[in-house]
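Okay, so here's the structure we're looking at.
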Amino acid sequence: MLIAVCSLKGSPGVTTLATALGARWPGQENPIVVEVDPAGGDLMARFRLPDTPGLVSLAAAARGRSGADPNLLAQHTQLLPGGLRVVLGPVGAEQARAALTVLASGPSSPLRRATDQPETTVIADCGRVDPDSPAFPIIRSADAMLLVARPHDDELAHVALKLQAAQQWSRRPCFVLVGDGYPTAEVSQALRIPVMGRVPRDDKGAAVLCGQGTGRRGPDKSPLGRAAARIALNLYAHGHQPTGNGARASHLRLAVPGEPVSGVALQPLGPQTRNGATP
């Protein structure tokens, strides 16, 4: 399963959500998080990791005969302190974009080929995107897209403006709110978007999920860890839902403007107050 995580404006925490989903992914899978943000990656500097292997070395290998190898992506991963496998994006935007011109090639992409392996999930951190983004082909080929935004006027205005187009980017578009702001139910009603989940701002929880935390709470105790686990379980369940033999696959999707919110397959995790607490 290939999952693309992205935003339409600013930096609402796409990288944090992608790594949190990987750290809390259910089942026996050990997913791979790949930084394909055209603006450059954050994890290399954040964790003081070497620059190779990573996205640049993956792109170089993909040019050769090994480009068709479904194990190629795994060969260019590094481990975060908590054990999560990641393909690190270069810090510089120029290098990131050059690598993406090789890697973001739809069905032939190493990210897509990796998911041909049984029980393999790839989570692509695509950063802020638009149709001109070099990461856009990865989003189009993904099995699900998580569109991330803060529940603030400026970011929600961009979502409202680009929603109809963004719905066409993925076969399974999903909307996730991050941090404090307008209540979940109010956002869902105003934009007519079912909110798949709401992730709190939780710096300590993010550190624990990646193996850097020193607190007593484990990943399953932090607010971020619990929220990420619910979203990951939802994605996992739909990704492993049987199709064929008359079975009808349900869809993770945003509501089409004009449709009632209650008509979608996924429901919001629940209304929230402006301070992010559930009443």
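Is there a residue in segment 78-94 that is over 16 Å from the mean Cα position of the chain (by Cα), touching a residue at least 40 places away in the same chain (Cβ under 8 Å) and open to solvent by 60 Å² or more (accessible area, probe 1.4 Å)?
yes
Given the conditions (1) in contact with a Phe, Trp or Tyr (Cβ under 8 Å, 6 or more places away or on another chain); (2) over 15 Å from residue 124 (Cα atoms); (3) aliphatic (A, V, I, L, M), report the number of the one that residue 62 does not fulfil.
(1)
Within segment 37-53, take every residue that is small (Gly, Ala, Ser) and open to solvent by 50 Å² or more (accessible area, probe 1.4 Å) and give me the one that is farthest from the chain's Cα centre (by Cα). Break it down stepwise before answering.
Taking segment 37-53 first, the residues small (Gly, Ala, Ser) are 39-41, 45.
Next, only the ones that are open to solvent by 50 Å² or more (accessible area, probe 1.4 Å) stay: 39, 45.
Working: 39: 16, 45: 20 Å.
So the residue we want is 45.
From the list 34, 56, which one is open to solvent by 10 Å² or more (accessible area, probe 1.4 Å) and either of a type in the set (A, V, I, L, M, F, W, C) or not in a helix (DSSP H, G or I) (or both)?
Exactly one of 34, 56 is open to solvent by 10 Å² or more (accessible area, probe 1.4 Å) and either of a type in the set (A, V, I, L, M, F, W, C) or not in a helix (DSSP H, G or I) (or both), namely 56.
Results for (1) in contact with a Gly (Cβ under 9 Å, 6 or more places away or on another chain); (2) at pLDDT 90 or above; (3) closer than 26 Å to residue 28 by Cα, shown as yes or no for each residue.
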site: 182; (1), (2), (3): no, yes, no
site: 193; (1), (2), (3): no, no, no
site: 205; (1), (2), (3): yes, no, yes
site: 213; (1), (2), (3): yes, no, yes
site: 218; (1), (2), (3): yes, no, yes
site: 224; (1), (2), (3): yes, no, yes
site: 233; (1), (2), (3): no, yes, yes
site: 238; (1), (2), (3): no, no, yes
site: 243; (1), (2), (3): no, no, yes
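Could you identify the single residue in 148, 159 that is β-branched (Val, Ile, Thr) and over 24 Å from residue 43 (Cα atoms)?
Going through 148, 159 in turn, just one is β-branched (Val, Ile, Thr) and over 24 Å from residue 43 (Cα atoms): 159.
Could you grab the pairs with beta carbons closer than 9 Å, sequence gap of 6+ or different chains, first residue in segment 173-202 and closer than 21 Å to residue 233 by Cα and free of Cβ contacts under 8 Å to residues at least 60 places away in the same chain, second one open to solvent by 10 Å² or more (accessible area, probe 1.4 Å) and part of a loop (DSSP other than H, G, I, E, B)?
177/150; 177/272
Here is a list of conditions, (1) closer than 28 Å to residue 222 by Cα; (2) of a type outside the set (Asp, Glu); (3) open to solvent by 60 Å² or more (accessible area, probe 1.4 Å); (4) assigned to a helix (DSSP H, G or I), and residue 189 meets all of them except one; can you say which number that is?
Only one criterion is unmet by residue 189, namely (1).
Do any helices (runs of 4 or more DSSP H) entirely within segment 100-170 hold 1 or more residues that are among the basic types (Lys, Arg) and either within 21 Å of residue 197 (Cβ to Cβ) or open to solvent by less than 10 Å² (accessible area, probe 1.4 Å) (or both), and if so, which?
Of the helices (runs of 4 or more DSSP H) lying wholly inside segment 100-170, those with at least 1 residues that are among the basic types (Lys, Arg) and either within 21 Å of residue 197 (Cβ to Cβ) or open to solvent by less than 10 Å² (accessible area, probe 1.4 Å) (or both) span 153-166.
Please pick out the residue among 133, 109 that is under 13 Å from residue 39 (Cα atoms), modelled with pLDDT under 95 and in contact with a helix residue (DSSP H, G or I) (Cβ under 9 Å, 6 or more places away or on another chain).
So the residue among 133, 109 that is under 13 Å from residue 39 (Cα atoms), modelled with pLDDT under 95 and in contact with a helix residue (DSSP H, G or I) (Cβ under 9 Å, 6 or more places away or on another chain) is 133.
Look at residue 63 and say whether it is without any contact (Cβ under 8 Å) to a residue 60 or more places away in the chain, open to solvent by 10 Å² or more (accessible area, probe 1.4 Å) and on the phi > 0 side of the Ramachandran plot.
Details: without any contact (Cβ under 8 Å) to a residue 60 or more places away in the chain: yes; open to solvent by 10 Å² or more (accessible area, probe 1.4 Å): yes; on the phi > 0 side of the Ramachandran plot: no.
Considered against the rule, which asks whether it is without any contact (Cβ under 8 Å) to a residue 60 or more places away in the chain, open to solvent by 10 Å² or more (accessible area, probe 1.4 Å) and on the phi > 0 side of the Ramachandran plot, residue 63 comes out as no.
The values are calculated or read from the model by the stated rules, or taken from the named source; none is laboratory data. Every value quoted in this text rests on a predicted model; they were computed, and no experiment measured them. Please note: Cβ atoms are built from the backbone with ideal geometry, for glycine as well, and neighbour counts cover all protein chains shown. Accessible surface areas use protein heavy atoms only, side chains included; no ligands, DNA or RNA. Shrake-Rupley method; radii C 1.70, N 1.55, O 1.52, S 1.80 Å.
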